[in-house]
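Enquirer: Pasting a structure here, questions to come.
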Amino acid sequence: MSPSSNEPPVLAVGITETWLKSYISDAQISIPGYVTLRADRELKVGGGCLLYINKDVPITKQSSWSDRQTSLVTAFSEQKNLFFACMYRPPDTEEKSYAESLTKLQAEINSVIEENDGRTPEIVIIGDFNLPNIDWETMTFPSQGGREAGPYHQTLEFVNENFITQLVTTPTRGTNILDLVFTNTPEYFANVTTADSKISDHRVVECTMAYNPLDSVVNAKTEDDPFRKVKIHNVDYLPMKTKLCEINWDGLLQICKNGDVYDLEQFKTYVTQIVREIAEETLPGKAEHGKEKRHIQRISESFKRK
């Protein structure tokens, strides 16, 4: 796990179903060069989760929580502006337990943002969620009622609330995608793969970053991202929705047509810039600590419905 000169550094490792108890010390499970953060399920056999985080990522805030079912551990690095979380949700988890774990996770995220002058961190949430029926491309799941539907609704609401994306697209156990990776910066992930494990019936999920978070300067690229300049939590989105509905999206798509072929990359570029413009215009800004507000060439006015 310690990177060689020819290998990229390992930023963090998350493990679920650790089966750890308080009588097993951190020293017994430590890995040189990594900080151990864990949430043990003391009241029941099995369960639990842990995070190993590279010591070059100084942790300034951490938490752990576990009941008889769900386990959660979180960590935040102010220096790197990185928020990690690892969760284990057993297949038979009661809706109340999972809801409480998501509430605690949301509270940790909100606390980090509030203590960080409204600056949203790079969020990475990993774990075994045992939610095989979500189609992550369409963000839907088969219609079902009763207890089974609750965790699916809770998860999708949490995803939408935090503007995060689920990155795992191949099965991690049998034909199901149970082990998930969520982030609010999917563009920073170069690759997400799965591989067979010799010690588990789940496949190992490995994420390769598009940059090295352990560099001394890690967040220069995020400073120029307009989406980082606005608040996204507990704000009124109605003005933004109204502005977005005024855009002639069909007309925008047509100008990206070259003969019989649509240039979807060009369309994506236009859409991204329009959403950025409208977000900056309608959502409250974060504290900029004396920096001048970013100015970008506006194109949204050109594509309003007539």
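Enquirer: Using the Karplus curve 6.51 cos²θ - 1.76 cosθ + 1.60 with θ = phi - 60°, what ³J(HN,Hα) values do you get for each residue of the range 181-197, in whole Hz, with x for Gly and Pro?
Expert: 10, 10, 7, 9, 10, x, 5, 8, 9, 7, 7, 10, 10, 10, 9, 4, 10
Enquirer: Work out how much length V45 to M139 would gain on full extension: take 0.36 nm times their residue separation and subtract the Cα-Cα distance, in nm to one decimal.
Expert: So the extension gain works out to 30.5 nm.
Enquirer: Along the Cα→Cβ direction, 7 angstrom out, place labels at K55 and D236. What is the inter-label distance in nm?
Expert: Here the answer is 5.1 nm between the modelled labels.
Enquirer: Mind checking the full-extension length gain between E115 and A149? Use 0.36 nm per residue of separation minus the Cα-Cα distance, one decimal, nm.
Expert: Between E115 and A149, full extension yields an extra 8.8 nm.
Enquirer: If you restrict to DSSP beta bridges whose two residues both lie in the range 12-130, what percentage is antiparallel, to the nearest 5?
Expert: Among the beta bridges of the range 12-130, antiparallel pairing accounts for roughly 75 percent.
Enquirer: Turning to a different aspect of this structure: Rounded to the nearest whole Å², what accessible area per residue is found for the range 73-129 with the 1.4 Å probe?
Expert: Result: 34 Å² of accessible area for each residue.
Enquirer: Still on this structure, I have one more. So, with a 1.4 angstrom probe, what is the percent of accessible area on the range 1-121 that is carbon and sulfur?
Expert: Percent of accessible area from carbon and sulfur atoms in the range 1-121: 49.
Enquirer: Grab the other residues whose beta carbon is less than 10 angstrom from that of D215, score K and R as +1, D and E as -1, and report the net.
Expert: 0
Enquirer: Give me the number: length gained by fully extending W19 to T165, i.e. 0.36 nm times residue separation minus the C-alpha to C-alpha distance, one decimal in nm.
Expert: So the chain would gain 49.7 nm between W19 and T165.
The values are calculated or read from the model by the stated rules, or taken from the named source; none is laboratory data. Here the structure is a predicted model, which means the values were calculated and not measured. Reconstructed Cβ throughout: ideal geometry from the backbone, glycine too, with neighbour counts over all protein chains shown. Side chains are part of the model used for accessible areas, which takes the heavy atoms of the whole protein and leaves out ligands, DNA and RNA. Shrake-Rupley method; radii C 1.70, N 1.55, O 1.52, S 1.80 Å.
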